[in-house]
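The values are calculated or read from the model by the stated rules, or taken from the named source; none is laboratory data. Values in this document were obtained by computation on a predicted structure and should not be read as measured data. Note: ideal-geometry Cβ built from the backbone for every residue, glycine included; neighbour counts use all protein chains shown.
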Amino acid sequence: MNFEILDSLFEPIVIVNKDNEIVYYNHMFSTFTKSSPRIIKNKKYLREIIATSFLSDMVELIFKTESATISKEELIDSLPDQEIHVIIKGAFLSEQSLVMISFNDITIEKNLYQKYRYQIDELKEIHHQIVQADKLSTIGEITASISHEISNPLTIASGTLELIKALFESDDLNSQKELLDSCLNDVIESFMRINNIIKGMKKFLHGNEDKKEYVAIEEIIENSTRLVNSQLKKSQVNLSVKNNTESNESIIYVNSLKMEQLFINLIKNSIDSINSTNGESDKSIQITLNETAMCYEILISDTGAGIPKEIQDKIFESFFTTKEVGEGTGLGLAIATKIIESYQGTLELLSPIAPTTFKITIPKMSTLSIASSTLNRDNDQEMNLNILVIDDEVKILNLFNESISSNNINVICASNPTEALNLIDDGRFNIIFIDYSMPEMNGDELAKKVRKLNYKGPIIYLTGKATDSKIKNDISSGLFNDHLLKPFNKEDITSIVKKWELGVK
Amino acid sequence: MSDKLVINITKNESELTEFLLQGQIDEDSTFEEITSSLKKKIIIDFNEVTLINSCGVREWINFLENVKDSTIIYKNCPQVVIEQINMVHGFILPNTSIESFYAPYYSEKSDDVIKVLLLSDQIIDGKAPRIEQDDEELEFDAIEAQYFQFLKQKG
Amino acid sequence: MSITLPKIKDSEKPAVLIIDDEVKICLLIKTFLEQTKLFRNVVVAENASIGMLKLRNDEFDLVIVDFQLPDKEGTYLVEMAKKSLKFRKLKFLLISGYLDNRSMINVINSGIKHVLVKPFSRDDLISKVLQILKLG
């Protein structure tokens, strides 16, 4: 068969026989693999040119099934100086018992996608900041009427207090009792008015709080490094991650996309710094995860050019950049700081050179979820229910958070027993959920410790199996009060909370 | 990011300007320096272009729209540029031509591929010219029919 | 009270009109003024129109008016009064929670010389009133 017609196609095509020998290849294949005819002539087998296993596996499969197939996105990194993303299509030529393979190079699309996704995220952030700034100027504009609104109740309150003072100085207090009463009510009502005005303003300013969820730092780091992977390869920078924490799931309560953006900003800065050194020596970035009693610490170090003393204070400022126009908005570190501060964390420059190191701290999940619920608490509500959930699975924590968090129910989470016991110590919880099978301590042990801390409210086990007799015993002994069988859903959670909420009242 | 395209003027005469391109031609590249020159004859030296991808080619073709009235001469085109030119139409137009380019030749003696600078005029009938170095005849290390395709394009 | 109150003959005691849309503020000011026993009449109104009515029906020496009234700005009342001979000697005290640059210009242009910013204390109010009416 005349395969020469394939030379007029722009797709790289190669034809192999059952033994993986190259029977024909078109011009584009030579360009694509950067192998001239001289090179290909010397090789017999396709795998000598493209060494990836998925390719030979696919060829084998086609010969076996004698039908065409298309691969998913695969990576070819065995070719000299390149990393190519492709989708491969293979067809079976039954007459000659050959397989024809064509390659669709999607490397550029993939790189562009990553690049523009980052830029769009940055644009979104800028837009958000502009909206914020705009909101603030609107606040300025409505200050006039707000001031008027607040000044009236303030005048009434202060004036009425002066009246009250005068009443106290009068001789016959008893006859003034009714007036005193109405004065006091006026004062109280005035302050409530002021409170409502301010609440309204706060709501306006912080309108769209980002959705937070329970997520492991390890997962965030993994996602972030994957997104910058092509840039790392291109600059030949080696990135390594060291986890010094006890578990593999360091859980925090944040918006994971924003945290990824934070890491991507820092890693990209490191890559740029390394690229600017033009050095042959060690090109590497190291990410280290540590933990203290209260927080997680993430260190990002690079062997780049470092940060000169003169600009060390400025780098966190908005719109400060040392890069060329179009290469960075200068908002990276400013945005990163804003993000981390909104989670009560910190971002600082630990060491300006050799290696340049940034340190991120972020409070552990339990601390954050308490802070978050305190801020969101509606003080006007009579009944504030505080529920503690102790479980090391991110999915379950999020499930609880989504099903029952509301204005008058606060869900606080802890992922390990020690953290949980620290929280219980200050005596604020109405209902406690315990995961029966956690690595450090099983449910009974933990429940015993909880009871020791004088917690008298209901304890509910989250467990996969229910042994009737054991349950009866434990319930009667008062160790725990109820159980929820896994897998459970939102309705199961809401109904069990309702059941025990009445008991708490 | 670090290999951004840089364009410098290497020759500036009354009727002609020559530009040297360094770095990679990609989606971020702009060519204002060239479009603002407005000379009748523009020479573009590709000698230090490291890479050009399909996005870069698109940018290039758009840029050519802005210099329709000038004569454009490409010189010292590296292999990566020739490969792209062969794949995409629009690089060669009535007002553009390739003066010189690099072609890969293999030396058996040193077991190495050498990029040899050729003039377009040296290619006759789509055949690679005979090149000798150190008493050795070098072997053209690409596919002739494919590599010299661009010479057939007239724009 | 930390202010020394002057002694005034009954026949010379002034009358005051208070106009504010916040009823409790009107009553508060009225109570403060009446406690001094220096005024023969203290009347309240909750907007400019009612205020104008009361002005026409009775004699007043001082009008305490809020800058932001529901129907008109307080300065409107002042400008209206200035045009009429009857109110030639009428004094005005403007009270306000907030005055930005633009409204300040209106206040100045209307000829109002006395402004009290909310919240004010009882003493602030009394001394200002005494000052305006040139008492004590």
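Does B:ILE44 count as under 16 Å from the mean Cα position of the chain (by Cα), over 18 Å from B:ILE82 (Cα atoms) and not hydroxyl-bearing (Ser, Thr, Tyr)? Break it down stepwise before answering.
Values: under 16 Å from the mean Cα position of the chain (by Cα): yes; over 18 Å from B:ILE82 (Cα atoms): no; not hydroxyl-bearing (Ser, Thr, Tyr): yes.
In short, no.
Here's a check for you: in region A:89-143, which residue that is farther than 30 Å from C:SER96 by Cα and among the small types (Gly, Ala, Ser) is modelled with the lowest pLDDT?
A:SER94
Would you mind stating whether A:SER158 is modelled with pLDDT of 70 or more, within 42 Å of the chain's Cα centre (by Cα), within 14 Å of another protein chain (Cβ to nearest Cβ) and in a helix (DSSP H, G or I)?
Details: modelled with pLDDT of 70 or more: yes; within 42 Å of the chain's Cα centre (by Cα): no; within 14 Å of another protein chain (Cβ to nearest Cβ): yes; in a helix (DSSP H, G or I): yes.
Spelling it out, it is not the case that A:SER158 is modelled with pLDDT of 70 or more, within 42 Å of the chain's Cα centre (by Cα), within 14 Å of another protein chain (Cβ to nearest Cβ) and in a helix (DSSP H, G or I).
Inspect all residues belonging to region C:70-88 and state whether any of them is within 30 Å of C:LYS7 (Cα to Cα) and part of a loop (DSSP other than H, G, I, E, B).
yes
State the number of residues belonging to region B:74-93 that are in contact with a strand residue (DSSP E or B) (Cβ under 7 Å, 6 or more places away or on another chain) and not in a loop (DSSP other than H, G, I, E, B). Can you show your working first?
Initial filter on region B:74-93 (in contact with a strand residue (DSSP E or B) (Cβ under 7 Å, 6 or more places away or on another chain)): B:74-82, B:84.
Then keep just the ones that are not in a loop (DSSP other than H, G, I, E, B); that gives B:74-75, B:77, B:79-82, B:84.
Residues flagged as in contact with a strand residue (DSSP E or B) (Cβ under 7 Å, 6 or more places away or on another chain) and not in a loop (DSSP other than H, G, I, E, B) within region B:74-93 amount to 8.
Restricting attention to helices (runs of 4 or more DSSP H) lying wholly within region A:36-123, give those where 3 or more residues are basic (Lys, Arg).
Per the criteria, no element qualifies.
What number of residues within region B:121-155 are in contact with a Gly (Cβ under 9 Å, 6 or more places away or on another chain) and away from chain A (no Cβ under 14 Å)?
2
Can you go through B:THR17, B:THR10, B:THR50, B:THR71 and tell me which one is within 14 Å of chain A (Cβ to nearest Cβ) and in contact with a strand residue (DSSP E or B) (Cβ under 7 Å, 6 or more places away or on another chain)?
On the way: B:THR17 fails: within 14 Å of chain A (Cβ to nearest Cβ); B:THR10 fails: within 14 Å of chain A (Cβ to nearest Cβ); B:THR71 fails: within 14 Å of chain A (Cβ to nearest Cβ).
Answer to the selection: B:THR50.
Scanning region A:265-306 for residues that are among the hydrophobic types (A, V, I, L, M, F, W, C) and assigned to a helix (DSSP H, G or I), which turns out nearest to the other protein chains (Cβ to nearest Cβ)? Before you say what the answer is, go through the steps one by one.
Restricting attention to region A:265-306, the residues satisfying the condition of being among the hydrophobic types (A, V, I, L, M, F, W, C) are A:266-267, A:271, A:274, A:285, A:287, A:289, A:293-295, A:298-300, A:305.
Next, from what is left, pick out any that are assigned to a helix (DSSP H, G or I): A:266-267, A:271, A:274.
Details: A:LEU266: 15, A:ILE267: 13, A:ILE271: 8, A:ILE274: 9 Å.
Ranking the qualifying residues of region A:265-306, first place goes to A:ILE271.
Which of (1) among the small types (Gly, Ala, Ser); (2) within 26 Å of A:PHE3 (Cα to Cα); (3) surrounded by fewer than 17 Cβ atoms within 10 Å (Cβ to Cβ) is the odd one out, the single condition A:SER78 does not satisfy?
Against the list (1) among the small types (Gly, Ala, Ser); (2) within 26 Å of A:PHE3 (Cα to Cα); (3) surrounded by fewer than 17 Cβ atoms within 10 Å (Cβ to Cβ), A:SER78 comes up short only on (2).
Within the group C:PHE32, C:PHE39, which residue is in contact with a strand residue (DSSP E or B) (Cβ under 7 Å, 6 or more places away or on another chain) and either more than 14 Å from chain A (Cβ to nearest Cβ) or in a helix (DSSP H, G or I) (or both)? If you could, list the steps in order and put the result at the bottom.
Working: C:PHE32 fails: in contact with a strand residue (DSSP E or B) (Cβ under 7 Å, 6 or more places away or on another chain).
Residue meeting the stated conditions: C:PHE39.
I want to confirm something. Restricting to region B:20-34 and keeping residues that are of a type in the set (A, V, I, L, M) and more than 14 Å from chain A (Cβ to nearest Cβ), which single residue is surrounded by the fewest Cβ atoms within 10 Å (Cβ to Cβ)? Explain how you work it out, then say what you get.
Here is the first cut: in region B:20-34, the residues of a type in the set (A, V, I, L, M) are B:20-21, B:25, B:34.
After this cut, where a residue has to be more than 14 Å from chain A (Cβ to nearest Cβ) as well, the list is B:20-21, B:34.
Details: B:LEU20: 18, B:LEU21: 25, B:ILE34: 22.
Only one residue fits best here, namely B:LEU20.
Take region B:94-144 and flag every residue that is hydroxyl-bearing (Ser, Thr, Tyr) and assigned to a loop (DSSP other than H, G, I, E, B).
From region B:94-144, those hydroxyl-bearing (Ser, Thr, Tyr) are B:96-97, B:100, B:102, B:105-107, B:110, B:120; that's our starting set.
Of everything in region B:94-144, just one residue is hydroxyl-bearing (Ser, Thr, Tyr) and assigned to a loop (DSSP other than H, G, I, E, B), namely B:SER110.
State which residue pairs qualify: first residue over 9 Å from A:ALA68 (Cα atoms) and inside region A:89-103, second residue part of a loop (DSSP other than H, G, I, E, B) in any location, beta carbons under 6 Å apart, and separation of 6 or more residues or different chains.
Sorted first by the residue in region A:89-103, then by its partner, the pairs are A:LEU98/A:ASN17; A:SER102/A:GLU11; A:PHE103/A:PRO12.
Go through region A:6-23 and give me each residue that's within 13 Å of chain B (Cβ to nearest Cβ) and surrounded by fewer than 19 Cβ atoms within 10 Å (Cβ to Cβ).
Taking region A:6-23 and keeping what is within 13 Å of chain B (Cβ to nearest Cβ), we get A:6-12.
The answer is A:ASP7, A:SER8, A:LEU9, A:PHE10, A:GLU11.
Restricting attention to region A:31-51, which residues are touching a residue at least 12 places away in the same chain (Cβ under 8 Å) and within 11 Å of chain B (Cβ to nearest Cβ)?
If we filter region A:31-51 for residues that are touching a residue at least 12 places away in the same chain (Cβ under 8 Å), which is where we start, we get A:31-35, A:40, A:43-47, A:49-51.
Result: A:THR31, A:PHE32, A:LYS34, A:SER35, A:ILE40.
Contact list please: Cβ distance under 8 Å, first residue in region B:13-29 and at positive phi, second residue in a loop (DSSP other than H, G, I, E, B) and among the acidic types (Asp, Glu), pairs at least six apart or on different chains.
Once the first residue is at positive phi and sits in region B:13-29, its partners that are in a loop (DSSP other than H, G, I, E, B) and among the acidic types (Asp, Glu) give B:GLY23/B:ASP3.
B:GLN84 - would you say it is without any contact (Cβ under 8 Å) to a residue 60 or more places away in the chain and under 14 Å from the mean Cα position of the chain (by Cα)? Let's see the steps before the verdict.
Working: without any contact (Cβ under 8 Å) to a residue 60 or more places away in the chain: yes; under 14 Å from the mean Cα position of the chain (by Cα): yes.
It is true that B:GLN84 is without any contact (Cβ under 8 Å) to a residue 60 or more places away in the chain and under 14 Å from the mean Cα position of the chain (by Cα).
Any chance region A:62-79 includes a residue that's acidic (Asp, Glu), within 14 Å of chain B (Cβ to nearest Cβ) and touching a residue at least 12 places away in the same chain (Cβ under 8 Å)?
No, because not a single residue in region A:62-79 is acidic (Asp, Glu), within 14 Å of chain B (Cβ to nearest Cβ) and touching a residue at least 12 places away in the same chain (Cβ under 8 Å).
Residues B:GLU48, B:GLU13, B:GLU65: which one is modelled with pLDDT of 90 or more, of a type in the set (D, E, K, R) and out of contact with any Ser or Thr (no Cβ under 7 Å at 6 or more places or on another chain)? Steps first, please.
Details: B:GLU13 fails: modelled with pLDDT of 90 or more; B:GLU65 fails: modelled with pLDDT of 90 or more.
Criteria check complete, one pass: B:GLU48.
How many residues are within 14 Å of another protein chain (Cβ to nearest Cβ) and either among the polar types (S, T, N, Q) or exposed (fewer than 15 other Cβ atoms within 10 Å of the Cβ) (or both) when one looks only at region A:234-264?
2
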